[in-house]
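I have placed the structure first, in the form of C-alpha cells, so that the comments after it can refer back to it.
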Amino acid sequence: MDLEFLQYPIGRASIEKNPGEERIESSIAVIGRMPQQLMEFAKGLTAEQWDTPYREGGWSPRQVVHHLADSHMNGFNRQRLAVVSQEVPSVTAYPQDVFSKLPDYSTDPFLSIILLASLHEKWVSFLNGITDAGWEKSYRHEEDEREYSMKESVQQYAWHCQHHLAHIRIVLDQKG
C-alpha cells in the first residue's frame, strides 16, 4: 500500500465552509456511532495487533484509541467554549506526539473506549442542542493560526473519527 493511503485511508478531510443541515446531522451521527464501531473493532484485535502500527512510523491501535480520547476531550471543550463565549476564544494545541509516549498510552485501551462512549454521548447531546446562533460561533486555533466555525469543527471531528477507525481497520486487515 502506498504511504498516502496508509496516512489518509479515507482521504484528507473535505470540510464545507457552509454545509447544509443534512451535512451537520450526518457529522453528528458519525460522532455518535464511533464509540460502538471502535468497540467492535477492538473486540477483534489480538494482543499483538494492539501494539502493531498501521504503517511504519505510525501509531498502534492502542495509541490511536488513547489519542482519540485526548483529541475528542479537547474538541468537545473547544466547541463548548466557542458556543458560550462572547468573543472568538483562542484554543491551544496539545502535544499529541509527546502524549503518545506517556505511561497512560500503554494502559488498557478499553479504558479510553469507555471514556469515549460516555464523552460522545454527552457530545452528541450538546451538538443536538446547539441553536442556530451557536452554530455561527467559532474558535481560533493558535497552532493552526486559523478560525474554525462550529460547522467546520463538527465536520472535522466526524472525519477524525472515520480517519482513525480506518487506521485500526488496516491493522485488522493486515494481521487478521
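Taking the stretch 70-103 as the range and being closer than 22 Å to H164 by Cβ and either among the polar types (S, T, N, Q) or assigned to a loop (DSSP other than H, G, I, E, B) (or both) as the test, the residues that pass are S71, N74, N77, Q79, T92, A93, Y94, P95, Q96, S100, K101, L102. The combined condition, being over 23 Å from T46 (Cβ atoms), part of a helix (DSSP H, G or I) and in contact with a Ser or Thr (Cβ under 9 Å, 6 or more places away or on another chain), is not fulfilled by Q174. Just one of (1) among the aromatic types (F, W, Y); (2) in contact (Cβ under 8 Å) with a residue 40 or more places away in the chain; (3) surrounded by fewer than 18 Cβ atoms within 10 Å (Cβ to Cβ) fails for Y94. It is (2). Contact map, the stretch 119-142: residues that are within 13 Å of R78 (Cβ to Cβ) and of a type in the set (S, T, Y) paired with residues that are at pLDDT 95 or above and part of a loop (DSSP other than H, G, I, E, B), Cβ distance under 7 Å, separation 6+ or inter-chain. Pairs shown: S138/V88; Y139/V88; Y139/P89.
Conditions tested, residue by residue: (1) among the polar types (S, T, N, Q); (2) modelled with pLDDT under 95; (3) in a helix (DSSP H, G or I).
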site: I15; (1), (2), (3): no, no, no
site: R23; (1), (2), (3): no, no, yes
site: S26; (1), (2), (3): yes, no, yes
site: I31; (1), (2), (3): no, no, yes
site: Q37; (1), (2), (3): yes, no, yes
site: F41; (1), (2), (3): no, no, yes
site: Q63; (1), (2), (3): yes, no, yes
site: H66; (1), (2), (3): no, no, yes
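Residue-by-condition table, conditions (1) without any contact (Cβ under 8 Å) to a residue 40 or more places away in the chain; (2) acidic (D, E):
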| position | (1), (2) |
| --- | --- |
| R12 | yes, no |
| E16 | no, yes |
| P19 | no, no |
| R23 | no, no |
| Y54 | no, no |
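Answer yes if at least one residue in the stretch 146-161 is surrounded by 20 or more Cβ atoms within 10 Å (Cβ to Cβ), over 14 Å from the mean Cα position of the chain (by Cα) and among the hydrophobic types (A, V, I, L, M, F, W, C), and no otherwise. Checked against the condition, which is being surrounded by 20 or more Cβ atoms within 10 Å (Cβ to Cβ), over 14 Å from the mean Cα position of the chain (by Cα) and among the hydrophobic types (A, V, I, L, M, F, W, C), the stretch 146-161 yields at least one hit.
The values are calculated or read from the model by the stated rules, or taken from the named source; none is laboratory data. Keep in mind that this is a model prediction, so the values were computed, not measured. Neighbour counts are summed over all protein chains in view; Cβ atoms, including those assigned to glycine, are modelled from backbone coordinates with ideal geometry.
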